[in-house]
Every structure is written in C-alpha cells, then in structure tokens.
1. Pick out, in residue order, every one of the trypsin sites (Lys or Arg not before Pro) in segment 129-218 that is DSSP loop and has at most 15 other C-beta atoms within 10 Å; say none if there are none.
2. For the residue pair Ile253 and Glu64, what label-to-label distance in nm results when each label sits 7 Å from Cα along the Cα-to-beta-carbon direction?
3. Taking the alpha-carbon set of segment 166-258, what are its Rg and Dmax in Å?
4. Given H placed 1.01 Å from N in the peptide plane, which residues other than close sequence neighbours of Ala252 have an amide H under 5 Å from its amide H?
5. So how exposed is His217, as accessible area in Å² (1.4 Å probe, rounded to 10)?
6. Could you give me the ³J(HN,Hα) list for segment 59-72, computed from phi with Karplus coefficients 6.51, -1.76, 1.60 and θ = phi - 60°, whole Hz, x at Gly and Pro?
7. Ranked highest first by the average count of other Cβ atoms within 10 Å around their residues, in what order do 83-93, 239-249 fall?
8. Modelling each spin label as a point 7 Å along the Cα-to-Cβ direction, I'd like the Ser167/Phe239 distance in nm, to one decimal.
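The values are calculated or read from the model by the stated rules, or taken from the named source; none is laboratory data. Please read these numbers as outputs of a predicted model, since none were measured by experiment. So basically every Cβ, Gly included, is an ideal-geometry build from the backbone, and we count neighbours across all protein chains shown. Remember, those area values only see protein heavy atoms, side chains included, never the ligands or the DNA or RNA. Shrake-Rupley method; radii C 1.70, N 1.55, O 1.52, S 1.80 Å.
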Amino acid sequence: MDLALKGRTAFVTGASRGIGRSIATALAAEGVNLALFGRDVALCNELEKELRAKYAKLRIAVIELDLANAGAIKPAIDKAVAQLGSVDILVNCAGGAYRGRLNEIPDDAWERHFAVKPLGLIRMTRETLPYLKQSPQPRVINISGTRGREPGGVSVMSGPINLGTLSITKALANEFGQYGITVNAICPGSTDTGRWTELVNITARERGISVDDAKKHLTDDVPMGRVVVPENISDLAVFLASARAGMISGVAINVDGGRTRGI
C-alpha cells in the first residue's frame, strides 16, 4: 500500500523515548524527514544517529524543547522550519500525568503537567498552523490516553489532561477542516515503556506482590491479555499521517487491547 509519505516532513514532540521515539522511527521508515523535539537532547541525538545509519538520505533536526516553557515553543519551531523547510505532520506526543490520588498531588505538579499537555500541545499546534496550511497533505496527531474517557481514582490527573486533549482534538478538527488538515487522537492503554515499568514496580510495592504478579494484575482486565507495545501506537500514527486517511478527522482511537469498556 502506497502511503504517500516519502519526502514529507514531521515534527514529533516527546521524541526522545517511548511512544514518541517509536512514532519517529516508524515515520522515518516511510521516508519522512523529521524534527525531533525533546527535553533530553542526548537521547534525541542518539535517535538521530540511529536513524541516519539506516536512512542516510533523510533530513533530521534535533530541537531541544521543554513544552512547559511557553516562550521556547515558537523559536523551536522556527529553528526546525529553518532546517527542514516545511512541516506536513505534527505529532503531539509529549506529556504525561503525575500518578496519585487527589490529596497526593501538589499544585505545582498540576501546573507543570497541564503546561505540557494540553497547553503545550495547543501552543505547538498554533505555531505550526501557518506551515500546515501550505502542505498538500497536512496532519495533526495527538497522543492522548484512555483515561480521558474512563478516569481512574489512582491517577486522578490522567482524566482531565487526556480529556482536554480529546476535546481540543475535536475542536481543531472542526476548525481546520477548511484547510484540508486532519486532526485525530490516539489513546493508548498501558504501554510497555519506562512508565509501564514504573507502574509495575509501584503496583508490586503497594500491593506487596511480586513484579510478575503485578504485571498479571495490570493486564487481567485487558481482553487481549497483554500490554500494548509502542509499535502498536506508531503503526496507527503512520496510517493517520498517510494519504489513505485523508477523510478521517476528529476521531479518537483507542489502542488498548479492548480494555476500555465504553464504546
């Protein structure tokens, strides 16, 4: 299947590790030039070196960016555009949530995490919009989370952060449709990244069980019986970025092995 992605340019936030790194790698395999945005420049440089070894003709820019610093976003985008010339695909992957119940989360944690997502996502999208309008195949892909639909008590922050991301996804799909820009969200369930390892260890400690039992506990309610891997997310992201997904916009797709109970 021709995805018509070769030669396109993608900006990926949170590209240094986990899902963002996987999406950047999958896009590179399709011939997409990349701007890798992240706080950890060393890890982004490591990924750049890895990708250049496989895909020598790709143009890749490494851009240091902390989305919590609102004033740094436009200069970072300007730098990426200066190096790559354009942007066709924006992948907003940066951000997470502080794990804990309401009384366990300090105000500064709320402020810090909301500054990255959805506020950083909003600012990143706003600053790339003029360039996306010029693209023949413009795409915005937001990485949200299933807790935006089914909030959980042990991680109360995940609900509003991800719900905000879903809401802005739908609103921007309605606004940007006139420019031919699709805007969609991917909602991963628990995914086998560094955060999954942390969650397993926390669960084992809190419940006084082994790590293996903690993994089983966390996957018992997943109909597919296993944890999501980053490649499950990046495969969908590549499709949503492709020419084949030109009439898919304003939707949020769960990738959670069927764990979410709602339709």
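1. Sparse-neighbourhood loop trypsin sites (Lys or Arg not before Pro): Lys133.
2. 3.6 nm
3. 17.0, 54
4. The list, which skips near neighbours in sequence, is Ala185.
5. 80 Å²
6. 9, 9, 10, 9, 10, 6, 7, 9, 5, 5, 8, 4, x, 8
7. By packing density, highest mean first, the sequence is 83-93, 239-249.
8. For the pair Ser167/Phe239, the computed spacing is 2.9 nm.
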